[in-house]
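Undergrad: The structure that follows is given in the form of structure tokens.
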Amino acid sequence: MTGPWLVSLQLNLNHPAARRDLADAGAVHRRVMSLVRDDLGDHARSTAAVLYRIEHTRAGIRILAQTGIEPTLANLPDGYAHVPEPRSLHNLLAALQVGTSIAYRITANTSKRLPREYVGSEGKPGQVIALRSPDAIQAWWEQRAARNGLQITSAATTTHDDIRARRVPGTPHAQHAASQFDGQATVTDPEAVVQAIRKGIGRGKSFGCGLLSVALIQ
């Protein structure tokens, strides 16, 4: 079977490990990384093309994870989550052509890096800052979508609370602005869309941002 693979972890919130993980994006990252083998070196996430996001569904909270290598469920604690059989996205990606209509979802780290010559009140030159205004957030997605082979036809934006990950004691938490985009689009560059699905879009991929999910509109 050829990937990438999609894994849905419908969390059991009565399980203490699930509750602990949800309190710390770093813990969720480590849990998702347990879906792939542990001999991938210092850049395991990018090597295995691991992406994920947390979703609130009618059935509860789930972690939707995508891996570029075949996942294993053996390392998940017993009772941690209900996990259907991982699904290959190979046929979906092969079906993407110029003009294909899709529905999409992505939770993205909506941020920008200030130019080195920047002078102003937003931050220091070269600093990555969060985008907060609705117009800036929407423009961010429209620009990224176009770069990655999509012509947006509709978009609904939901701004989430910042994603936080604990660091070692005495250092500040890592914090990532996050917005969810749902809508429809037309494929203009299939290869670019496939790469965006495989590799993700934007920053914060280790903390639940960047996973682009698409479905064909018949």
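Undergrad: In whole Å, what three semi-axes, largest first, describe the equivalent ellipsoid of the chain built from its Cα gyration tensor (square root of 5 times each eigenvalue)? Working shown, then result.
TA: Working: eigenvalues 140, 121, 52 Å².
Semi-axis lengths for the chain are 27, 25, 16 Å.
Undergrad: Mind computing the radius of gyration and Dmax over the alpha-carbon atoms of region 120-214? Å is fine for both.
TA: 15.0, 48
Undergrad: From the protein chains alone at 1.4 Å, what is the descending order of accessible area for S46, S154, largest first? Let's see the in-between values first.
TA: Details: S46 70, S154 50 Å².
Final ranking, largest accessible area leading: S46, S154.
Undergrad: Could you work out the helix-only [θ] at 222 nm for the chain, with each DSSP H run of four or more residues adding -39,500 (n - 2.57) and the total divided by the number of residues, to the nearest 500 deg cm²/dmol?
TA: -6000 deg cm²/dmol
Undergrad: With every protein chain left in place, what is the accessible area of K199 in Å² (1.4 Å probe, nearest 10)?
TA: Probe radius 1.4 Å; accessible area of K199 about 130 Å².
Undergrad: Each residue of region 31-44 in order: what ³J(HN,Hα) in whole Hz does its phi give by Karplus 6.51 cos²θ - 1.76 cosθ + 1.60, θ = phi - 60°, with x for Gly and Pro?
TA: 5, 5, 5, 6, 6, 10, 5, 9, 10, 9, x, 6, 10, 4
Undergrad: Related question: How long, wide and thick is region 1-72, going by the Cα atoms along their three principal axes, in whole angstroms, largest first?
TA: 32, 25, 16
Undergrad: How much solvent-accessible surface does K124 expose, in Å² to the nearest 10, with a 1.4 Å probe and all protein chains in place?
TA: Looks like 150 Å² after rounding.
Undergrad: How do F181, F207 rank by accessible surface area computed with a 1.4 Å probe, from largest to smallest? Write down the numbers at each step before the final one.
TA: Values: F181 0, F207 50 Å².
Output order, biggest surface exposure first: F207, F181.
Undergrad: Pull up the cross-link candidates among the lysines for K124, meaning alpha carbon to alpha carbon under 18 Å and not fewer than 8 places away within one chain.
TA: Straight-line reach from K124, under 18 Å: K112.
The values are calculated or read from the model by the stated rules, or taken from the named source; none is laboratory data. Predicted model only: the values in this text are computed from it and were never measured. Heads up: the accessible areas ignore ligands, DNA and RNA and are worked out on the full protein's heavy atoms, side chains in. Shrake-Rupley method; radii C 1.70, N 1.55, O 1.52, S 1.80 Å.
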